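Presented below is the structure to which this report refers.
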Amino acid sequence: MHFFSSNNDVNQITFTSLPKPQTPIMRLNTICPYFTMFPIDFPFNILSEAQTSEWILDPFCGRGTTNFAARLRGLSSFGIDSSPIACAISAAKFVNTTSTKIITLCKTILENELEPKHIPQGKFWELCYYPSTLKKICIIREALLKECISDDAIALKALMLGILHGPVNKNFPSYLSNQMPRTFSSKPDYSVRYWVKNGFFPKNIDVLDTVSRKANYSFNTLPSKIAGGISLSDARKPLKFIPDEGFNWIITSPPYFGMITYMQDQWLRNWFLGGPDLVDYSNTNQLGYGSKEIFIQELAKVWENITKACASGAKMVIRFGALPNKSNNPSEIVQESINRANCGWEHYSTDCAGTSNGGNRQSAQFGEKMGKPQKEIDYYAVLR
């Protein structure tokens, strides 16, 4: 669990209106492209009513958008996710470091000239990364697997996940790989066929230079540090942290029913975090696995579990939707899961949230279409 204490800065800077997306202080929120997320104005606007002493919880924190919105508001927050990729990205939303420190750490790691214990082999790896680039990636990977406690290391880890793969730029490279999507990792066999068919070969990319440019961009200006943390765990199990007075706000977006490919779609980033250098297709432990009845039961366990950590009068906002190929009613699924939990949440409003952006997960370059996205809903409840 990554946990960060407040700096107790009496001159702490908070925001009553959301800074524009191009503002430097917003760049940390986009440290790593992630294909399942909601826009930051969603949690930021909801938290306009929160008091400075209140705590926010997101039991499906993903890339930490709720946590970053809370930080902008000067509010303490806690996030939970069962994906190590999500937790690594979210943990960076709490750091208090500088681009100089991140670059220095990366330079120190690479200058040690330690041979990596393992460099993945095979056609995918030959075509995905230039040999010297892959070697340096492996050196940084093994160093961070050995030691990743400081804010500088946590930031470097998230930064590396963000540049690990993506499209090839004509000028200065933003990503270390051959042509790939930036939000998810295409499967090895498909990638090889795509690269061979189109005559794409990996370029010799300077890892330190790419890290330096990304660090200077994303960590140039940071919001004031606040208390909070991220837990790599299952929200159906007892929480590893509960504030003294309990959580006052739950703002979250559970995985849609049938969405069971999170880890497979992030397999390359999972490898960087210590996972296997191939796709693991097992998914029996994911919330979306099984029938709709099972999904509702398991979602009810989440509500029942986190309610034990909430203060009386806590407010909950759930953004939920359905996959394009699923004919499920999001409102009915959420309400049924709340009813099954039977732990005191009183529904008072359901609003239409429109459709999610980028229904094809920015995968047009690989020709993979998910179809027209369905409208999402925002479900509001209060704990009586």
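The values are calculated or read from the model by the stated rules, or taken from the named source; none is laboratory data. These numbers were taken from a predicted model, which means no experiment stands behind them. Cβ placement follows ideal geometry from the backbone for every residue including glycine, while neighbour counts extend to all protein chains displayed.
General remarks:
- Within the range 180-211, the set of residues being hydrophobic (A, V, I, L, M, F, W, C), surrounded by fewer than 18 Cβ atoms within 10 Å (Cβ to Cβ) and under 30 Å from Thr108 (Cβ atoms) comprises Leu208 only.
- Here Phe295 meets each of (1) assigned to a helix (DSSP H, G or I); (2) at pLDDT below 95; (3) in contact with a Lys or Arg (Cβ under 9 Å, 6 or more places away or on another chain) with one exception, condition (3).
- Looking across Pro243, Pro223, one residue alone is under 19 Å from the mean Cα position of the chain (by Cα), over 25 Å from Gln266 (Cα atoms) and in a loop (DSSP other than H, G, I, E, B). It is Pro223.
- Matching residues, the range 201-219, being under 23 Å from the mean Cα position of the chain (by Cα) and farther than 14 Å from Lys101 by Cα: Val207, Thr210
- Residue in the range 323-341 that is in a loop (DSSP other than H, G, I, E, B), within 21 Å of Trp55 (Cβ to Cβ) and at pLDDT 95 or above present: no
- From the list Lys107, Lys101, Lys93, Lys123, the one residue that fits, being charged (D, E, K, R), closer than 20 Å to Ser177 by Cβ and touching a residue at least 40 places away in the same chain (Cβ under 8 Å), is Lys123.
- Residue list for the range 142-182, filter: within 23 Å of Asn112 (Cα to Cα) and either touching a Phe, Trp or Tyr at 6+ places or on another chain (Cβ under 7 Å) or among the β-branched types (Val, Ile, Thr) (or both): Ile149, Ile154, Ala155, Met160, Leu161, Ile163, Leu164, Leu176
- The residues listed here are Gly246, Gly274; of these, the one that is surrounded by fewer than 21 Cβ atoms within 10 Å (Cβ to Cβ), at pLDDT 95 or above, touching a Leu at 6+ places or on another chain (Cβ under 7 Å) and not acidic (Asp, Glu) is Gly274.
- Residues of the range 37-74 satisfying the condition of being of a type in the set (A, V, I, L, M), farther than 19 Å from Phe184 by Cβ and surrounded by fewer than 24 Cβ atoms within 10 Å (Cβ to Cβ): Ile40, Ile46, Leu47, Ala50
- Selection within the range 146-179 - surrounded by fewer than 17 Cβ atoms within 10 Å (Cβ to Cβ) and out of contact with any helix residue (DSSP H, G or I) (no Cβ under 9 Å at 6 or more places or on another chain): Lys146, Ile149, Val168, Asn169, Lys170, Asn171
- Members of the range 180-205 found to be within 18 Å of Leu278 (Cβ to Cβ), among the polar types (S, T, N, Q) and in a loop (DSSP other than H, G, I, E, B), listed by number: Ser185, Ser186
- Where Gln22 falls short, out of the listed (1) outside the structural domain of Asp152 (by TED's automatic domain parsing); (2) in a loop (DSSP other than H, G, I, E, B); (3) touching a residue at least 24 places away in the same chain (Cβ under 8 Å); (4) on the phi < 0 side of the Ramachandran plot: (3)
- Some residue of the range 153-176 being in a helix (DSSP H, G or I), more than 20 Å from Gly275 (Cβ to Cβ), in contact (Cβ under 8 Å) with a residue 40 or more places away in the chain and outside the structural domain of Tyr34 (by TED's automatic domain parsing): yes
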